[in-house]
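Enquirer: Before anything else, here's the structure in question.
Taken together, the values in this text are just the output of simple stated rules run on the coordinates, not laboratory data. Here the structure is a predicted model, which is why all the values come from computation and not from measurement. As a convention, Cβ positions derive from the backbone with ideal geometry for all residues, glycine included, and neighbour counts pool all protein chains shown.
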Amino acid sequence: MKQRMALSILATLCLLPAAACSKSATSADHSFGAPQASTPANGASIAFSAQPITVTITNAARAGSASATYSVEVATDSGFGNKVFTKDGVSEGTGGSTNIPLSSLNGGTTYYWHSAATIDGVKGEMSPTRTFTVQPNIVFQPPTDGTPANNGTASDSHPTFSVTNSSKTGPAGAVFYEFQVATSSSFQSILASSGPVPEQSGGRTSWTSTVELNPGNYVWRARATDPSNNVQGPYTDAATFTLVPFDMRKAVIWDNPSDLGSWAETANITRVDLSGGRIVVDFDKRLSPDHWPDVGFGDGALEYTLGICLNLNGTWNCSAVVQFWYGRDLEAGGDVNNIAGEWFYDNRWGALKGHQPAYGETVGWFVAAGNLRDSGNVIAKERSKVLLLPFGQNYQR
């Protein structure tokens with residue numbers, strides 16, 4: 001009775017497409033069908049970052065208990081003339097299915113795949129061909145032009161970190177940024193981190209730490225991410241900065257309006273360039289349609305005054321000195337190596353008199369609306385944020 005049932009199963013399997021039979025018509029263990037594809041789903045679209053891809057096949061149906069191995073072929077054409085992955089002799093998995101990891105595949109390509117079973121040396125027919133597509137690779141470059149700059153300073157106990165948005169290739173989804181602050185470049189001890197910060201317009205993305213930092217030395221870094229595609233770009237190089245507490249409202253103001261520290265901060269320094277031997281400082285409102293109003297100055301007018309803040313013997317001292325009319329050459333800022341003689345040359349500047357910043361000394365650069373010298377002519381009580389940099393270091397936002 002059992003022999004007749006086995007012969008009946010053998011006969012049925014041998015009539016099926018993609019079925020294989022042994023030379024012995026009485027050996028039911030040698031009758032089997034082709035394995036069936038399970039995953040990926042036919043026509044699936046798979047993110048490049050989801051690799052390596054694993055194909056799963058339903059084990060071949062067969063009479064008896066003969067052991068089986070499997071082979072798989074992956075190609076870029078339906079005729080399998082250009083195979084990109086092949087593997088034979090894969091042991092049968094448990095639970096009715098077998099998993100076969102593929103090697104890394106190129107993105108932006110549709111792939112064709114099929115599989116076959118081998119039982120007792122007899123290789124069966126290939127399974128029906130299925131396809132999947134690997135999406136184009138998404139690649140982020142590290143963000144650039146970070147602030148605070150390497151070896152720079154920050155003045156707020158909740159510093160703001162900013163980077164130029166990362167360039168990228170491939171069909172990225174919504175881009176976010178991650179910022180980290182630590183005490184060492186190994187980043188083993190993270191003091192503050194941002195979570196995902198949506199990419200901001202204007203070419204730069206910023207984040208202000210919610211953790212209060214104490215005065216001292218820190219390192220920070222940032223990277224771009226695409227959570228929808230599970231892609232993370234590389235981090236920026238670790239940038240070292242020193243937190244130097246600064247509050248212009250508590251600074252000593254020389255030869256300027258005494259309430260200068262409390263003026264509204266309506267502008268940002270965008271460039272500091274000392275490389276040519278001249279003091280070149282630019283800011284975002286200088287030539288903008290909403291630039292500060294001109295004030296009278298002799299027979300002409302002035303737009304703003306350029307100044308610096310210096311920490312002398314533990315006390316911040318500030319003064320805006322160089323007067324600029326609208327469109328004046330920025331190199332009028334003076335000689336990098338003669339601030340003592342060209343800026344602070346007499347007693348009007350109190351503790352700043354005759355002081356020449358040493359290279360590496362922390363300097364706070366700022367501009368303010370109107371003519372500030374000798375408590376001159378002011379219409380708008382507005383100034384820029386103070387940008388702290390080691391003297392001699394350039395800055396470009």
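Enquirer: Please give the length that would be gained between Leu287 and Lys87 if that part of the chain were fully extended, namely 0.36 nm times their separation in residues minus their C-alpha to C-alpha distance (nm, one decimal).
Expert: The span from Leu287 to Lys87 would gain 65.4 nm if fully extended.
Enquirer: Okay, next question. Can you compute 3J(HN,Hα) from phi for each residue in segment 337-350, using the Karplus curve 6.51 cos²θ - 1.76 cosθ + 1.60 with θ = phi - 60°, rounded to whole Hz and x for Gly and Pro?
Expert: These are the phi-based 3J(HN,Hα) values: 9, 9, 4, 4, x, 9, 9, 10, 9, 8, 5, 4, 9, x Hz.
Enquirer: Given the convex hull of the Cα atoms of segment 139-243, what is a quarter of its surface area in nm²?
Expert: 6.2
Enquirer: Distances over 16 Å make up what percent of all Cα-Cα pairs in segment 43-113?
Expert: Above the 16 Å cut-off, segment 43-113 has 54 percent of its Cα pairs.
Enquirer: For the chain: lysine pairs with Cα atoms under 23 Å, gap of 8 or more or different chains, count?
Expert: Total qualifying Lys-Lys pairs in the chain comes to 9.
Enquirer: Same structure again: How many nm is it between the label spots at Gln356 and Glu125, if each spot is 7 Å from the Cα in line with the beta carbon?
Expert: Each label point is offset 7 Å from its Cα along the Cβ direction, giving 9.2 nm.
Enquirer: Ok, one more. Please identify, among Asp346, Asp294, Asp145, the residue showing maximal mean-square fluctuation in a Gaussian network model of the chain using a 10 angstrom Cα cutoff.
Expert: Highest fluctuation of the listed residues: Asp346.
Enquirer: For Ser65 and Thr164, calculate 0.36 nm times their separation in residues minus their Cα-Cα distance, and state this gained length in nm to one decimal.
Expert: 29.3 nm
Enquirer: Given R₀ = 51 Å, what would the calculated FRET efficiency be for Gln200 paired with Thr94, taking r from the Cβ atoms and rounding to 0.05?
Expert: Efficiency for this residue pair is about 0.50.
Enquirer: How large is log10 I(q)/I(0) at q = 0.19, 0.21, 0.26, 0.29 Å⁻¹ when the Debye formula is applied to the Cα atoms of segment 88-142, each weighted equally and without solvent?
Expert: Ignoring solvent entirely, the Cα scatterers give -0.86, -0.96, -1.18, -1.26.
Enquirer: What is the helix-to-structure angle for 2-15, meaning the angle in degrees between its Cα long axis and the longest Cα principal axis of the chain, kept from 0 to 90 and rounded to the nearest 10?
Expert: Around 60 degrees separate the two axes.
Enquirer: At 1.002 mPa s and 20 °C, plugging the Kirkwood radius over alpha-carbon pairs of segment 269-379 into Stokes-Einstein gives what diffusion coefficient in µm²/s?
Expert: 148
Enquirer: While we're looking at this one, here's another question. Please give the net charge around Leu312, taking every other residue with its beta carbon less than 13 angstrom from that of Leu312, where Lys and Arg add +1 and Asp and Glu add -1.
Expert: Values: positive: Lys353; negative: Glu361.
Neighbourhood net charge equals 0.
Enquirer: Please give the Cα centre distance for segment 303-368 versus segment 197-230, rounded to the nearest Å.
Expert: Cα centroid of segment 303-368 versus Cα centroid of segment 197-230: 32 Å apart.
Enquirer: What is the Cα convex hull volume of segment 219-264 when expressed per residue in Å³?
Expert: 137
Enquirer: All other residues with a Cβ under 12 Å from the Cβ of Val244 taken together, and with Lys, Arg as +1 and Asp, Glu as -1, what is their net charge?
Expert: Numbers: positive: none; negative: Asp156, Asp247, Glu361.
Net charge around Val244: -3.
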